[in-house]
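Enquirer: So that we are looking at the same thing, I have put the structure below in structure tokens.
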Ligand code: 6PG
């Protein structure tokens with residue numbers, strides 16, 4: 001690499017070289033950056049040493065181990081140059097410990113780029129703590145797992161705008177590139193906005209992962225399709241149509257086809273439990289769920305997907321429940337329409353599955369973006385949604401090019417989305433209306449067959465109730481008024497804004513004990 005084409009930061013300090021940090025170290029070194037790293041885990045250090053030795057591209061000599069924070073900082077010291085640190089560590093206490101360890105050696109202008117999945121409130125707390133001394137803390141979401149960390153991840157940095165400008169050339173170089181070669185990184189905004197965007201990404205990811213798993217199961221258990229056949233379907237979905245260039249569908253192809261050294265499918269023996277929420281090792285989806293409730297944004301696809309994960313985690317408990325339900329339910333074959341022409345009806349049902357999956361993916365995006373929009377309005381972050389969609393075009397888990405194109409057009413016309421539901425945008429309404437019949441058919445057939453469709457059915461209901469002007473909540477409102485005098489508005493009183501109603505009816509007057517004695521308990 002020519003010198004004038006070289007890295008803006010010639011050295012950086014890496015803290016945490018586990019699967020993500022180790023791969024990012026190799027990536028940055030490939031771009032010519034000298035990496036000095038510290039990680040208290042001997043295992044992580046040894047793994048990175050081995051990876052660096054085998055990486056080729058002459059990166060080994062650029063990746064240098066340091067024994068503690070002091071050595072790390074000394075190795076980066078250069079006159080008049082700010083030091084850049086990259087974190088890739090567990091969130092919470094570990095992040096605090098790392099800042100504390102570095103603090104004595106930090107000086108004005110130094111930048112910590114926290115590429116971990118940190119909670120946005122921790123990010124903002126550390127920013128407030130460090131900024132008075134001129135030390136910048138950028139909360140940078142990094143997506144795409146360790147493969148993208150090695151090859152170029154999707155990145156969402158947020159914090160002090162001057163510091164962001166300093167790191168952007170470096171980030172643009174190392175980030176994933178979309179199909180037009182544009183980097184999947186952009187300055188998000190102030191404070192914890194970068195980590196917040198990543199949190200929302202993970203919530204969307206959670207909804208999408210449930211949906212793709214549900215659809216895979218229906219094909220395998222209820223349509224009797226072999227893994228290879230499912231892989232071929234995923235491949236065709238990923239090639240064109242509404243699931244075009246979708247990361248989760250594309251990795252599904254490899255997962256369905258992978259065989260171990262004995263020729264057995266690896267997937268066959270994978271237990272059906274997702275535990276990173278239950279064991280507190282990750283579970284950033286929890287934060288999105290908490291946020292959507294806190295901000296009063298309905299996100300049933302994301303929330304239900306989370307409950308599904310939680311429900312799956314303790315398999316031994318499920319075995320006990322299974323016994324008490326005398327074996328529980330067993331999925332059966334789905335009854336396909338036109339059984340005299342099974343091939344055709346199976347093809348039609350698979351087409352329904354494709355559109356049901358698309359609708360659930362799109363609603364996961366919409367729910368995540370609604371959370372973001374609500375938070376943006378509260379915090380005055382002034383987020384640029386087209387830029388955020390751009391970040392999600394490459395290197396990340398929720399990459400879905402058809403959906404990104406659709407949303408990009410929506411955000412191109414800001415008036416359409418300024419203050420309201422994305423579901424009210426005509427192009428999104430058209431897409432979901434078209435997919436609705438397929439989604440409904442899939443949910444109906446799956447329920448008949450005792451398949452598991454938590455995220456698909458939650459999405460169906462979400463679309464239904466979001467577009468309805470006649471909901472059962474009419475009765476809920478009356479009951480709330482009955483026992484709590486919560487008030488209601490009349491149907492004749494306009495569209496019905498989310499504010500307390502003006503009417504109360506004494507459905508049953510409150511009675512004292514004396515009243516009971518006087519006559520009857522009613
Ligand atoms: C990514 C992923 C990743 C996340 C895991 C686990 O974008 O690469 O979102 O950051 O840690 O997917 O997700 P949970 O935190 O939801 O368990």
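Enquirer: What pairs can you find where one residue is in region 239-266 and closer than 24 Å to residue 180 by Cβ, the other is exposed (fewer than 12 other Cβ atoms within 10 Å of the Cβ), and their Cβ atoms are less than 8 Å apart, with a gap of 6+ or different chains?
Expert: 245/179
Enquirer: Also, I was wondering about something else. I want to confirm something. Restricting to region 95-127 and keeping residues that are over 19 Å from residue 167 (Cβ atoms) and touching a strand residue (DSSP E or B) at 6+ places or on another chain (Cβ under 9 Å), which single residue is nearest to the ligand (Cβ to nearest atom)?
Expert: 122
Enquirer: Out of (1) touching a helix residue (DSSP H, G or I) at 6+ places or on another chain (Cβ under 7 Å); (2) at positive phi; (3) modelled with pLDDT of 95 or more, the odd one out for residue 16 is which?
Expert: (1)
Enquirer: Can you tell me how many residues in region 273-313 are outside any helix (DSSP H, G or I) and within 16 Å of the ligand (Cβ to nearest atom)?
Expert: Keep residues of region 273-313 that are outside any helix (DSSP H, G or I), which gives 273-284, 295-299.
With within 16 Å of the ligand (Cβ to nearest atom) added as a condition, the list becomes 273-284, 299.
Number of matching residues: 13.
Enquirer: Residues of region 461-483 being touching a helix residue (DSSP H, G or I) at 6+ places or on another chain (Cβ under 8 Å) and free of Cβ contacts under 8 Å to residues at least 40 places away in the same chain, which ones? Step through it out loud before you land on a result.
Expert: Filtering region 461-483 for residues touching a helix residue (DSSP H, G or I) at 6+ places or on another chain (Cβ under 8 Å) gives 461-463, 466-467, 471.
Of everything in region 461-483, just one residue is touching a helix residue (DSSP H, G or I) at 6+ places or on another chain (Cβ under 8 Å) and free of Cβ contacts under 8 Å to residues at least 40 places away in the same chain, namely 471.
Enquirer: Now a separate question. For region 486-518, what are the residues that are over 26 Å from residue 421 (Cα atoms), modelled with pLDDT under 95 and surrounded by 10 or more Cβ atoms within 10 Å (Cβ to Cβ)?
Expert: 511, 515, 516
Enquirer: Taking only region 145-157 into account, find how many residues are in contact (Cβ under 8 Å) with a residue 60 or more places away in the chain and closer than 23 Å to residue 376 by Cα.
Expert: Total meeting the criteria: 3.
Enquirer: Name every residue in region 34-53 that is under 23 Å from residue 176 (Cβ atoms) and at pLDDT below 95, in order of residue number.
Expert: Answer for region 34-53, where residues must be under 23 Å from residue 176 (Cβ atoms) and at pLDDT below 95: 51, 52.
Enquirer: Right, here's the next one. Could you say whether any residue in region 346-361 is within 16 Å of residue 210 (Cβ to Cβ) and within 14 Å of the chain's Cα centre (by Cα)? Show your work before the answer.
Expert: As a first pass, look at region 346-361 and keep what is within 16 Å of residue 210 (Cβ to Cβ): 353, 356-361.
Checking which are within 14 Å of the chain's Cα centre (by Cα) leaves us with 360-361.
There is at least one residue in region 346-361 that is within 16 Å of residue 210 (Cβ to Cβ) and within 14 Å of the chain's Cα centre (by Cα).
Enquirer: In addition: Restricting attention to region 228-241, does a residue exist that is within 24 Å of residue 457 (Cα to Cα), in contact with a strand residue (DSSP E or B) (Cβ under 8 Å, 6 or more places away or on another chain) and more than 16 Å from the ligand (Cβ to nearest atom)?
Expert: The answer is yes; a qualifying residue exists.
Enquirer: For region 158-196, what are the residues that are free of Cβ contacts under 8 Å to residues at least 60 places away in the same chain and under 17 Å from residue 30 (Cβ atoms)?
Expert: Within region 158-196, 171, 172, 183 qualify.
The values are calculated or read from the model by the stated rules, or taken from the named source; none is laboratory data. Being a predicted model, the structure only gives us computed values, none of them experimental. Using ideal geometry, Cβ is built from the backbone for each residue, glycine included, and neighbour counts are taken over all protein chains shown.
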